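Asks: There's a structure below that I have some questions on.
The values are calculated or read from the model by the stated rules, or taken from the named source; none is laboratory data. On a predicted model such as this, the values are computed, not experimentally measured, just so you know. Please note: Cβ atoms are built from the backbone with ideal geometry, for glycine as well, and neighbour counts cover all protein chains shown. Accessible surface is based on the protein model in full, side chains and every heavy atom, while ligands, DNA and RNA are left aside. Shrake-Rupley method; radii C 1.70, N 1.55, O 1.52, S 1.80 Å.
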Amino acid sequence: MILNLKTATNDPAARDWYLVYCKPRQESVARENLTRQGFETYLPIMRDVRRRQGKRVVLIAPMFPRYLFIHLNRQTDNWAPIRSTLGVVSIVRFGRTAARVPDDLVTLLRSREDLQGLQILPVEEYKPGSRVRITQGGFAGYEGIFQASSSRDRVTVLLDVLGRKALTRVDSASIEPA
């Protein structure tokens, strides 16, 4: 008889990752309360650049808003308290089955963290000549041609404004591929 360790014991190898759906902006509250109950959770976080009152602000935000990973054993863990935990809406399910997350995904996410636990996201590299669209600022909605990165936060874009070519520098976070 072959014994399946994944279901026979309560060791970490017998656990799988699942997704918890949280209330809006309550991922940290849900994580804290689930941890207090003895559950192992994982909330990948990242730096997020946003505009507030015309200024660029760097925030720390969940990588997957409203979602939190939880490590559970299907056979031995009591899942009932999870749905009534402060900040939690439910466990993500497909039909009646809880949505299992591959261990490799959580391992990959954890491997991409810096020393503060923030995700290191690959920077989108634009090549000179690429068509881009400006998403914010006075030139929002204009399409142009990417020229170069002028600094860490600024890029140079060639725009066609009123039939004339104009080079302009914009925030690197305010362009997207056209």
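Asks: Once amide H atoms are placed 1.01 Å from N in the peptide plane, what residues at a sequence separation of 5 or more from Glu40, or on another chain, have their amide H within under 5 Å of its amide H?
Replies: The list, which skips near neighbours in sequence, is His71.
Asks: How far is helix 27-36 tilted, in degrees, relative to the longest principal axis of the Cα atoms in the chain, given as a value from 0 to 90 rounded to the nearest 10?
Replies: 20 degrees
Asks: Students often get this wrong: which residues of the stretch 49-69 have the backbone nitrogen under 20 Å from the point 7 angstrom along Cα-to-C-beta of Val92?
Replies: Residues passing the 20 Å test: 61-69.
Asks: While we're here: Based on the alpha-carbon gyration tensor of the chain and its eigenvalue square roots a ≥ b ≥ c, which shape applies: rounded if a/c is under 1.5, prolate if not and a/b is larger than b/c, or oblate? Walk me through the numbers before you get to the answer.
Replies: Details: a/c = 3.20, a/b = 2.53, b/c = 1.27.
It is prolate, given that a/c is not under 1.5 and a/b is the larger ratio.
Asks: Ok, one more. Probe radius 1.4 Å, ligands and nucleic acids ignored: give me the carbon and sulfur share of the accessible area of the chain as a rounded percent.
Replies: On the chain, the fraction of accessible area on carbon and sulfur atoms equals 53 percent.
Asks: Using 7 Å Cα-to-Cβ label points, what is the Trp79/Asp103 separation (nm, one decimal)?
Replies: 1.9 nm
Asks: Could you give the accessible area per residue of the stretch 32-178, probe 1.4 Å, as a whole number in Å²?
Replies: 65 Å²
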